[in-house]
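S.K.: If you scroll down you'll find the structure; I have some questions about it.
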């Protein structure tokens, strides 16, 4: 029996096609697992953590969207949009939701559209980490993946205003080895004679608060120490840089850290400087730091005030698991007929993983 999707009209003259409770661009705050693709007449979205399947579509121009709706969802859904009064059975009691048969007319195109959305998602959210031995995706290869998939999906993305065609270059440097960081991340730094370490700890970052390529994605990337020396209490923060980060970073791209002690309303802000491949900074300790602190790394003006649960540790762990699974799959033989062929950037990363 074929699958089905719901088709409904919403405020503002929009139409929404969704498989169950899939994420949508109408959500107030999409999670970091959501891949979004702007297409002719609307937007498509998926969670990268779900099995390949139908995306959620939000359509603002039915005429422009008709061709790809037919290709990605099938004739029944296309007819439901073209002639809703004829194609849609009487609605549910609320008068808005209709179940319609989902049978893509062009399954291979549907698969490539999802691969394009994933490639664009990976350019932003791939959890590159020297500490966790998850290699970064090569920017040039990822750019090539995206360009090729844009060509393959031309009938879907043609006319869209904001299809990302290139991955911004990131500073390149010598590749670091995971075992070096596994030993170094979170360990105590050397301190001067007469310095008392009151507390120390490690943690991760909220990926939404920094652009890609600045900090390591591990949950052990951030380390801190509360030190007492010469009558002053200070906090030293160190954040492992992203793989291949090296050289000068423009001032407007240098991250900072907020440090809070027991009184979370009285914080200190730390300017971080890149020393080698680690971001480092010091500040006077905020009140209540003697028992430990909370450190949040961010780039000023980036990310905004977001719901914690949508970018928290649980979903970050799932994304790391996804990256490892995809790298493992990219290292194995695959068929061109596979609906989810690994990206060239993933194949390259999988090949380099042994040396990472």
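Derivation of every value follows stated rules applied to the coordinates shown; laboratory data play no part. The shown structure was predicted, so the numbers you read here are calculated from the model rather than taken from an experiment. Cβ placement follows ideal geometry from the backbone for every residue including glycine, while neighbour counts extend to all protein chains displayed.
S.K.: Using label points projected 7 Å from each Cα along Cα→Cβ, tell me how many nm separate residue 199 and residue 10, to one decimal.
M.R.: My value for the distance between the label points is 4.3 nm.
S.K.: Using a/c under 1.5 as the rounded threshold, could you call the range 207-319 rounded, prolate or oblate? The axes a ≥ b ≥ c are square roots of the C-alpha gyration tensor eigenvalues, and prolate needs a/b larger than b/c, oblate otherwise.
M.R.: oblate
S.K.: Here is a further query. What's the extension gain from residue 352 to residue 329 if we count 0.36 nm per residue and subtract their Cα-Cα distance?
M.R.: So the chain would gain 6.9 nm between residue 352 and residue 329.
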